[in-house]
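Notes for the one structure printed next.
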Amino acid sequence: MGDEDMKIYNTLSKQVEEFIPWNSKEVKMYTCGPTVYSYAHIGNLRTYIMEDILEKTLRFLGYNVKRVMNITDVGHLSSDADTGEDKMVKSAKEAHKSVLDIAKFYTEAFFRDTKKLNIKRPDVVSPATDNIEEYIKIISKLLDTGYAYQANGNIYFDTSKLKDYYKLTNMKAEDLISGVRDTVEEDVNKRNKTDFVLWFTKSKFDNQDLKWDSPFGVGYPGWHIECSGISLKYLGEYLDIHCGGVDNIFPHHTNEIAQSEAYIGHDWCKYWVHGEHLNSADGKMSKSKGHTLTISTLEEKNIDPLAYRFMVLQSHYRSQLTFSFEALELASNTYKKLRKKVSSLREDEEINNSLKEEYIAKFKEIIGDDLNTANALTLVYDVLKLDVNETTQKEIIREFDKVLSLDLTKKIIEKDVDEEYIKEMIAKRNEAKLNKDYGLADKIRDELLAKGIKLNDTRDGTTYEVL
Ligand code: AMP
Ligand code: ZN
């Protein structure tokens, strides 16, 4: 059980609620993962930063957390309402590669990017294609109990069978229906406009290379059933938190609730947490619109990915954020100054523990209040103004950084210190040692140390570590 209060906005109740998990021993958290047909853009990554803060906040407050994330490598069609081509197939075709190669490539790229943003890898990461049995089990039961039907080869979920299909969304049924109707083509097999595909057998595309045998025919799962299946498999029937970006509320999460609750026969997830979007100046940032603002774009412009994390944390996750390079540059400068200041604080004084505890309690209250990261950053500046020694300030901020994950206390490696430079310096030092010029050898070692590089002399030669 967490030892502190936590409040979080729940899309289901449309208000900030006190967080009380189903089972006090472990928080079960599910976050929708990336569709790996291209690089994640920095908008997607805003959502993953929010989820990372939420997970780390829970842990900081004393909860045990089990977090699961899927990797969507099949079934996500160009329109979320089951029309258009499979995004993975389209991308693979364009690159003349197999779907699995494309999935592997972009999954690795995703974890490289999230690592650069100090986003913790979820405890379980499961590709959709690894859990076909689970979907078949769920769909079979939904067919038996009359929640699903077969039409022209595909299996559909019958949304009219539910009392409250729309419980997650503010929109009125009529709006949603017209929203679905507006999409590219209408699927004439559906009994109701909002019905959705659980299993495709009638693929319009002969080149769909991922297909599985099933009691309903050779085919592949729909996108929504993947998240229900993976969540139920790894986290059981009582889920505490389910996250995603706001675009996931309808139809994706609405459909997940429909099929999961029809399957298990009781309420499923207690808290639905959604991150607002990062917009570009011309509107929503989306992969399908071809926006390519990625972590690499930032790095090409010499912007530290953590400066982007800092910028994201400056605003509340439930507010829209409009991206501009001017705003990012500004955040980057502020971030650099802050990190320089914090990382250079002394570490050899006596820590004032009561003050440390007091500020940790303040931090918990702020971050536990619906993840108020902007106020948490203000608290970092307050700590720097405290009338207390530097070591205490640094220790307090080190604690905050367990959630903020901005490397605030980590030494800054200067730009000119790249691998080549370090190797060159090691070679020079070896030469100095050979010449018995130990003064020079020590000077080189100390210079590197001042830049955050520690040399270790081993039997196999000199290695280095970044502090
Ligand atoms: P996808 O890879 O398209 O399935 O999306 C991955 C995650 O990014 C989902 O949780 C989406 O809700 C979220 N997302 C998509 N576009 C944005 C955006 N512009 N800003 C923030 N999150 C987004
Ligand atoms: Zn999902």
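Over the Cα atoms of segment 419-466, how large are the radius of gyration and the largest Cα-Cα distance (Dmax), in Å?
9.9, 27
Can you find, among W268, V188, F325, the residue sitting farthest towards the positive end of the charge dipole of the chain, where Lys and Arg contribute +1 and Asp and Glu -1 at Cβ?
Most positive-ward Cα: F325.
R445 accessible area, nearest 10 Å², 1.4 Å probe?
90 Å²
Across segment 301-404, how large is the tail of the calculated P(r) beyond 22 Å, expressed as a percent of all Cα pairs?
34 percent
Taking 7 Å along the Cα-to-C-beta vector as the label spot, tell me the L467-K402 distance in nanometres, rounded to one decimal.
Result: 2.3 nm between the two label points.
Can you give me the distance in nm between label points at T391 and A361, each placed 7 Å from the Cα along the Cα-to-Cβ direction?
2.4 nm
Which translational diffusion coefficient, to the nearest whole µm²/s, is obtained for segment 229-278 from the Stokes-Einstein equation, given a Kirkwood hydrodynamic radius over C-alpha pairs, 37 °C and 0.692 mPa s?
So the translational diffusion coefficient is about 291 µm²/s.
When only the heavy atoms of the protein chains count and the probe is 1.4 Å, how do H96, H266, H253 rank by accessible area, highest first?
H96, H266, H253
In square angstrom, rounded to the nearest 10, how much accessible surface does T129 have for a 1.4 Å probe?
30 Å²
Quick one: dipole size for the chain, taken about the Cα centre, charges +1 on Lys/Arg Cβ and -1 on Asp/Glu Cβ, in debye to the nearest 20.
It works out to roughly 360 debye.
Taking 30 Å as the cut-off for C-alpha to C-alpha distance, list the pairs among K28/K451; K202/K233; K115/K364 that go past it.
Table pairs above 30 Å Cα-Cα are K28/K451.
As a test, work out the antiparallel percent of DSSP beta bridges whose residues both lie in segment 229-358, rounded to the nearest 5.
Beta bridges within segment 229-358, antiparallel portion: roughly 20 percent.
Could you rank H252, H277 by how accessible they are, 1.4 Å probe, largest area first?
From most exposed to least exposed: H277, H252.
For a label point 7 angstrom out from the Cα of K410 toward its Cβ, which stretches of segment 423-455 have the backbone nitrogen within less than 20 Å?
Inside the label zone: 423, 448-455.
Using a basic spin-label model with each label point 7 Å from the Cα along Cα→Cβ, how many nm lie between D348 and V218?
7.3 nm
Once Rh is set to the Kirkwood radius over Cα pairs, what Stokes-Einstein translational diffusion coefficient, in µm²/s, holds for the chain at a temperature of 25 °C and a viscosity of 0.890 mPa s?
Value of D from the Cα-based Kirkwood radius: 100 µm²/s.
Which whole DSSP H helices in the chain pass both tests: a Cα extent of 24 Å or more along the axis and a mean Kyte-Doolittle value no lower than 1.6?
none
Let's test the formula: R0 of 30 Å, r as the Cβ-Cβ distance of V124 and Y381. What FRET efficiency results, to the nearest 0.05?
After rounding to 0.05, the efficiency reads 0.20.
At 0.36 nm per residue, minus the direct Cα-Cα distance, what do D5 and V246 gain on full extension? Give it in nm, one decimal, please.
Between D5 and V246, full extension yields 84.2 nm more.
So, with +1 on the Cβ of K and R and -1 on the Cβ of D and E, and no other charges, what is the size of the charge dipole of segment 317-434 about its Cα centre, to the nearest 20 debye?
Here segment 317-434 has a charge dipole of around 220 debye.
Which percent of the accessible area of the chain is formed by carbon and sulfur heavy atoms (probe 1.4 angstrom)?
Carbon and sulfur: 47 percent of the exposed surface of the chain.
Quick check on segment 7-288: of the DSSP beta bridges with both residues there, what percent are antiparallel, nearest 5%?
50 percent
Report the calculated FRET efficiency for H266 and E133 (r = Cβ-Cβ distance, R0 = 25 Å), to the nearest 0.05.
0.65
Any idea which of L117, G222, F105 is furthest toward the positive side of the dipole for the chain, if Lys and Arg beta-carbons carry +1 and Asp and Glu beta-carbons -1?
Checking the options against the dipole of the chain, the answer is F105.
Take the eigenvalues of the Cα gyration tensor for segment 1-78, scale each by 5, and report the square roots as semi-axes in whole Å, largest first.
Value: 27, 14, 13 Å, ordered largest first.
May I ask you to derive the FRET efficiency for E18 and E108 from their Cβ-Cβ distance with R0 = 41 Å, giving the value to the nearest 0.05?
0.55
The values are calculated or read from the model by the stated rules, or taken from the named source; none is laboratory data. The model shown is predicted, which means the values in this text are computed figures rather than measured ones. With ideal geometry, Cβ positions are generated from the backbone for all residues, glycine too; neighbour counts draw on all protein chains shown. Please note that ligands, DNA and RNA were not included when accessible areas were found on the heavy atoms of the full protein model with its side chains. Shrake-Rupley method; radii C 1.70, N 1.55, O 1.52, S 1.80 Å.
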